[in-house]
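Where a number appears in this text, it was derived from the coordinates with a stated rule and is not lab data. Treat the numbers as computed from the prediction; the structure is a model and nothing was measured. Here the Cβ positions follow ideal geometry from the backbone for every residue, glycine too, while neighbour counts run over all protein chains shown.
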Amino acid sequence: MVNLKMSAKPESRFWHALRDGVTDVHWTRIESWASPGVPDLNGCASFGEFWIELKVTKNNRIKLSPHQIAWHLTRSRHGGRSYILARGGGRDPLYLFSGFQVKSLKDNKISEIVPMAKIKHPYDWARLMTCIGDDKPKPVQVQDDKVG
């Protein structure tokens, strides 16, 4: 018999831990192959809607595609809530980063960037959701690329 928890990919195990830990959110898991850059999860809670990209780190770094970076920056600039939620392995701390931080995440190690939250295991899921709920992103003036 195959142990599904052990044979699942690290990101799938991460998703299951989040889903099981945060039960007062309506989660939708997105298949991002259909739309490059769209985060893994859309959540809706009492404070509103938000997006989370789950990342399992390697060598203290988060790998983000150009599509993911563009999506998070565009969403954040328009006042949307978007986040990167990262961890190394099973009991490593969780790191919550704002969508505005994606360029820094691409170019630096996690230890070189100040996260919105660092949550040690056992995870305080309520604290994670409080950090997201208390975050009040404001739209930034977005330049229109059209001429004339």
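Taken over the C-alpha atoms, the stretch 12-74 has Rg and Dmax values of 12.5, 36 angstrom. The modelled label-to-label distance for the pair Lys118/Thr28, using points 7 Å beyond Cα in the direction of Cβ, is 3.5 nm.
The orientation-averaged projection of the convex hull spanning the C-alpha atoms of the stretch 8-134 amounts to 7.3 square nanometres. Extension gain, Ser65 to Ala8: 0.36 nm times the residue separation minus the Cα-Cα distance gives 18.3 nm.
Between the DSSP loop rule and a limit of at most 13 other Cβ atoms within 10 Å, which trypsin sites (Lys or Arg not before Pro) in the stretch 81-114 are left? Each step should come with its number before you reach the end.
Details: sites: Arg81, Arg87, Arg91, Lys103, Lys106, Lys109; in loops: Arg81, Arg91, Lys109.
The qualifying sites are Arg91, Lys109.
In the frame of its principal axes, the stretch 66-144 has Cα extents of 45, 27, 18 Å, reported largest first.
Please give the calculated 222 nm ellipticity per residue for the chain, where each DSSP H segment of at least 4 residues contributes -39500 (n - 2.57) and the sum is spread over every residue; nearest 500 deg cm²/dmol? Walk me through the numbers before you get to the answer.
On the way: 5 runs with 44 residues, N = 148.
After summing the helix terms and dividing by the residues of the chain, the value is -8500 deg cm²/dmol.
For the stretch 29-66, the list of trypsin sites (Lys or Arg not before Pro) that fall in a loop by DSSP and count at most 15 other C-beta atoms within 10 angstrom reads Lys63.
Between Thr130 and Ser104, 0.36 nm times their residue separation minus their Cα-Cα distance comes to what?
Numbers: separation 26, 0.36 × 26 = 9.36 nm, distance 2.36 nm.
7.0 nm is the gain from fully extending Thr130 to Ser104.
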